[in-house]
Amino acid sequence: MKNPSQCAHLYGGSVFEWRLGRVMGRRNQIACAIVLVTMLGSVASGQQTIYVSQSGSDANPGISPDLPKRTITAALLSAASGRTREKRDVISVAAGTYGESVVVDKAVFVVGAGNATVIVPPAGIGIEVRSNNVDISALALKQAPNYGLYAYGVSNLRIADVLCEGNTQDGILLVNASAVYLDRITSRSNLRHGLNIGDGSNGITITGGDFSANGSGGFLSQTGAGINMYSDNIAVSSVTLVGPMTISQNTATGMWMSAPSLVGSIQGVTI
């Protein structure tokens, strides 16, 4: 195989371009074999990155930064379903303000460009998580008419470096969620709680973060905790807080735990 471009031709040269140099004979065959094995492994896994930008169009394929989708919702529609955590698609969201309510119903990794990637939904929830094995990282959820982020009945959820600010309900609400990892969350100035951990949630680990200036109703209203835990019917259990962490200037209290019913309970909180 004298022409290195034959490597690409074996696998559809219009898609891949390889510049292996002028390598002849046996060395060329080995190089081509290595390239093809790598390519075949990537395609077999099917894992891809789907790009989103305000300059894009939902008619674009989204698989190149030069041809991104316009909305996160469209990118999620293009993402594969039924993937394991190791083979999930990645949704890469560029800086900008996205006026949409996002429903994550597939195992994906949604990553923004830090606080410059802002989701401001015109109605409802900023991000609603409906699938297991979801990661959300490096973005902001602001001014949602409801919750900034809501997750119900899911497991293996990881949220890192997310800002929840100025939302009408809780910054983050977890209900019946398990194996949830919250790293370096800033949830502030929400009208209810910064973080609300509800019925049936277990295995929640909160590392670092700032849960301050939440609430509007004052202490007697029981709204406005930095971190709130409640159990009406199913126990909340195994909640771990790892510092350093800031919880201050919330209208009700820094941390509130309540289990008003006979069957509810809160167990195993470690600080």
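Read-outs: derived from the displayed coordinates by stated rules, not from any lab. This one's a predicted model, so the numbers in the text were calculated from it and none came from an experiment. Here the Cβ is made from the backbone with ideal geometry for all residues, glycine too, and neighbour counts use every protein chain on show.
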* Considering amide H positions built from the backbone, and no H for Pro or chain starts, which residues 5 or more places from MET257, or on another chain, come under 5 Å of its amide H? -> MET229
* Go through the range 250-257 residue by residue and turn each phi into a ³J(HN,Hα) via Karplus (6.51, -1.76, 1.60, θ = phi - 60°); whole Hz please, and just put x for glycine and proline. => 7, 6, 9, 6, x, 9, 10, 10
* Structure fact -> Least to most buried among THR84, THR223, THR71, by other C-beta atoms within 10 Å and fewest first, runs THR84, THR71, THR223
* Asked: Using the count of nearby Cβ atoms within 10 Å as a rough guide to exposure, how do SER189, SER201 rank from fewest to most?
  -> SER189, SER201
* Once amide H atoms are placed 1.01 Å from N in the peptide plane, what residues at a sequence separation of 5 or more from GLU100, or on another chain, have their amide H within under 5 Å of its amide H? -> VAL120
* To do: Excluding SER258 itself, calculate the net charge of residues whose Cβ lies under 14 Å from the Cβ of SER258, where each Lys or Arg counts +1 and each Asp or Glu counts -1.
  => -1
* Check cross-link reach from LYS69 to the aspartates and glutamates: straight Cα distance under 19 Å, and skip same-chain residues fewer than eight apart. => ASP58, ASP89, GLU100, ASP105
* Full-stretch length increase - THR207, ALA179 - with 0.36 nm per residue and alpha-carbon distance subtracted -> 8.7 nm
* To do: Grab the Cα-Cα distance for ASP105 and TYR152, subtract it from 0.36 nm times how many residues apart they are, and report the gain in nm with one decimal.
  => 15.8 nm
* **For ARG85, ARG192, ARG158, order by how many other beta-carbon atoms lie within 10 Å, fewest first** => ARG85, ARG158, ARG192
* Expressed as a fraction of 2.2 N^0.38 Å, the rule-of-thumb size for a compact globular protein of N residues, what is the C-alpha radius of gyration of the range 161-210? -> 1.08
* **Under 5 Å, built H, 5+ apart or other chain: amide partners of ASN202** => ALA177, SER178, ALA179, SER237
* So between THR240 and SER216, what do we pick up on full extension, going 0.36 nm a residue minus the alpha carbon distance? -> 6.0 nm
* **Note, ³J(HN,Hα) from phi for the range 228-234, Karplus 6.51, -1.76, 1.60, rounded to Hz, x at Gly and Pro** => 10, 10, 9, 9, 8, 10, 10
